[in-house]
1. Tell me, which helices (runs of 4 or more DSSP H) wholly within the range 280-369 include 3 or more residues that are open to solvent by less than 30 Å² (accessible area, probe 1.4 Å) and touching a helix residue (DSSP H, G or I) at 6+ places or on another chain (Cβ under 7 Å)?
2. Kindly list the number of the only condition in (1) under 17 Å from the mean Cα position of the chain (by Cα); (2) open to solvent by 10 Å² or more (accessible area, probe 1.4 Å) that fails for Ala169.
3. For the range 370-403, enumerate the residues that are in a helix (DSSP H, G or I) and closer than 22 Å to Arg307 by Cα.
4. Tell me whether the range 19-31 contains one or more residues that are among the small types (Gly, Ala, Ser), without any contact (Cβ under 8 Å) to a residue 24 or more places away in the chain and within 19 Å of Gln300 (Cβ to Cβ).
5. So which residues in the range 115-129 are open to solvent by 60 Å² or more (accessible area, probe 1.4 Å) and touching a residue at least 60 places away in the same chain (Cβ under 8 Å), if there are any at all?
6. Looking at (1) touching a strand residue (DSSP E or B) at 6+ places or on another chain (Cβ under 7 Å); (2) over 30 Å from Asn204 (Cα atoms); (3) not hydrophobic (A, V, I, L, M, F, W, C), can you tell me which one Glu336 breaks?
7. Cβ-Cβ below 9 Å, separation at least six or inter-chain, first residue in the range 386-397 and small (Gly, Ala, Ser), second open to solvent by 60 Å² or more (accessible area, probe 1.4 Å) and assigned to a loop (DSSP other than H, G, I, E, B): which pairs?
8. Would you check which residues across the range 370-389 are open to solvent by less than 40 Å² (accessible area, probe 1.4 Å) and of a type in the set (Val, Ile, Thr) and list them?
Amino acid sequence: MNNELQPLWVPSKSLISRSNLMNYMNWLKESRQISFSDYDSLWTWSAEHVEDFWESLWKYFDIIHHTPYSSVMNSPEGEMIGTRWFEGSTLNYAEHIFRHKSSEHPAIIFQSEKTGLKEITWVELEASVSSVAAWLREQGVVKGDRVVSLLPNIPETVIAFLAVNSIGAVWSSCSPDFGTPSVTDRFAQVEPKILFAADGYSYNGKTFEKLSELEEIISRLPTLKKVVLFNFIGNHQLPGSVSWQKVAATDGGHLRFEPVEFNHPIWIVYSSGTTGKPKAITHSHGGCLLEHLKALAFHQDVKKGERYFWFSTTGWMMWNFSVASLLTGATLCIYEGSASYPDLNVLWNFAKEAGSHHFGGGAAFYIACMKAGMSFGEHAFPLLRTIGSTGSPLPPEAFEWIY
């Protein structure tokens with residue numbers, strides 16, 4: 001077999017006709033009188049007519065805005081770096097997530113090493129986000145303030161992020177398995193006002209308590225005003241902290257969304273730190289909104305009501321990307337724990353039980369499954385539509401194993 005000439009997979013005509021990307025191409029034809037014969041011609045147009053392309057996404061996805069934009073691109077030097085996008089517009093990322101709230105399917109499906117499958121409704125999610133957002137406002141958190149997280153991959157982390165985002169504050173996250181220097185090297189740069197943290201985490205069937213490390217981290221972050229402790233592994237106390245239960249009990253009322261400028265920061269992620277200290281990388285509110293809608297709707301063909309799972313920790317940018325599946329009206333599936341405990345079937349079993357349409361993981365996971373000789377029946381995953389791989393490169397033999 002010549003891998004350079006033989007594609008691993010070719011979409012059917014039926015799949016192409018039903019795809020989100022074809023729907024977008026049909027919309028361009030009807031609304032803009034622009035026709036494309038194939039994907040390559042569409043891509044060429046998007047690269048050569050940058051303003052027209054990104055403005056079309058604004059219109060196609062019906063972006064909720066509180067003030068309109070005066071220009072799509074403002075690039076005084078004619079360069080991409082430094083370009084200001086959709087100047088004048090104000091919007092909110094979380095508002096676009098909650099416009100998909102529905103009683104027809106859950107917002108989140110969650111499982112961990114410690115717990116079985118749990119569903120969270122949109123009503124429950126909205127009420128929880130409203131409560132946490134109200135508490136943050138009570139603490140004086142305002143647009144532009146930084147709020148950081150040391151929570152595992154649990155629904156409460158999604159709730160905290162959406163609450164922070166809804167008021168225009170800036171989110172930043174590390175996974176609780178990070179060492180103390182790794183956390184402080186990152187968080188000290190952004191001068192956070194609030195820290196959400198767990199008392200520990202579980203991995204490979206073991207629990208790891210983090211209270212002493214938390215105290216050291218807090219001592220190195222002088223800008224902190226409040227610490228919220230979530231008891232994930234026990235009933236621990238942390239002096240000076242506020243319990244998640246107390247925060248979640250705040251009377252939130254109706255969930256409100258603070259409009260922010262398109263270029264306003266949404267979150268801060270970090271480089272790996274392999275060359276010196278980790279570098280803070282700031283993404284924009286509107287930029288992530290448009291890019292996530294484009295990537296999830298067009299490249300992964302995620303549809304409303306489908307179930308989206310990408311295995312990640314909260315210290316990896318794929319966590320942010322997986323949460324973005326809510327922008328499409330999909331159900332977010334999250335798993336907390338090891339990808340190989342009690343064995344390599346755990347994520348596949350979770351995806352099957354959760355009814356996932358989309359499955360994502362790191363290349364190392366797929367390679368481990370391949371080397372273990374794992375195989376599945378032809379109808380093992382009747383709902384599964386896409387498999388995604390990220391992290392290190394996936395070698396050709398692993399691609400072939402997946403297919």
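The values are calculated or read from the model by the stated rules, or taken from the named source; none is laboratory data. Bear in mind that the values here come from a model prediction, so they are computed numbers and not experimental data. With ideal geometry, Cβ positions are generated from the backbone for all residues, glycine too; neighbour counts draw on all protein chains shown. Only protein heavy atoms, including side chains, enter the accessible area calculation; ligands, DNA and RNA are left aside. Shrake-Rupley method; radii C 1.70, N 1.55, O 1.52, S 1.80 Å.
1. By residue number, 285-294.
2. (2)
3. Within the range 370-403, Ile402 is the sole residue that qualifies.
4. Let us first name the residues in the range 19-31 that are among the small types (Gly, Ala, Ser), namely 19, 31.
From what is left, the residues that are without any contact (Cβ under 8 Å) to a residue 24 or more places away in the chain are none.
No, that holds for no residue.
5. Leu117
6. (2)
7. As it stands, the answer is Gly391/Trp316, since those pairs meet every condition given.
8. Within the range 370-389, just Thr386 meets the criteria.
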